[in-house]
Amino acid sequence: DSAALARLHGELLDEAEQNSEPTGYFAAPGGLQRGVSSPRCQKPTVALMEIAVHGPMFEWRGPAPFTFVAFSVEDSATLAEFVTELSYGWGCIPAEVTIGATTWTTSLMPKDGAYLVPIKQMVRHAEGVHLGDVVTLTVHVAG
């Protein structure tokens, strides 16, 4: 619930001030890794996750065509563990995404066991990427 998340956020700030070293999730080869930067920091948290997403852009036709890149099954499972704390509803998670020199805000959407990153048309044009192109995104999720 929001009160528990606020307490966790306060604990994180206190811990960061005391230890000056963050703890939590970090991007590593093969996906997200739970870790600590110091033995003094033993509580994994969801204060901020940075996830590298690499894959082809594909189209999913709903009421209108949209272009997406899918998270790996492993990274999707990690996000799903924290969906209660991160989601604003329907399993959607707000995020900031960067591809090349373009950064935008969006919502990660669950579909068939994986999270999808919507790629806006203005981003595709700005970065010169098209359906089928394999791209690498940096996704920031804040708790």
Breaking point among (1) farther than 16 Å from residue 56 by Cα; (2) part of a strand (DSSP E or B), for residue 85: (2)
Odd one out for residue 32 among (1) at pLDDT 85 or above; (2) open to solvent by less than 60 Å² (accessible area, probe 1.4 Å); (3) not in a loop (DSSP other than H, G, I, E, B): (1)
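Yes/no per residue for (1) buried (at least 16 other Cβ atoms within 10 Å of the Cβ); (2) at pLDDT 80 or above; (3) more than 29 Å from residue 129 (Cα to Cα):
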| residue | (1), (2), (3) |
| --- | --- |
| 11 | no, no, yes |
| 28 | no, no, no |
| 43 | no, no, yes |
| 48 | no, no, no |
| 53 | yes, yes, no |
| 69 | yes, yes, no |
| 75 | yes, yes, no |
| 96 | no, yes, no |
| 101 | no, yes, no |
All positions within segment 103-130 that are in contact with a Phe, Trp or Tyr (Cβ under 7 Å, 6 or more places away or on another chain) and open to solvent by 70 Å² or more (accessible area, probe 1.4 Å): 120
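The values are calculated or read from the model by the stated rules, or taken from the named source; none is laboratory data. Everything numeric in this text was worked out from a predicted model, so none of it was measured. Every residue, glycine among them, receives a Cβ derived from its backbone with ideal geometry; neighbour counts consider all protein chains shown. Heads up: the accessible areas ignore ligands, DNA and RNA and are worked out on the full protein's heavy atoms, side chains in. Shrake-Rupley method; radii C 1.70, N 1.55, O 1.52, S 1.80 Å.
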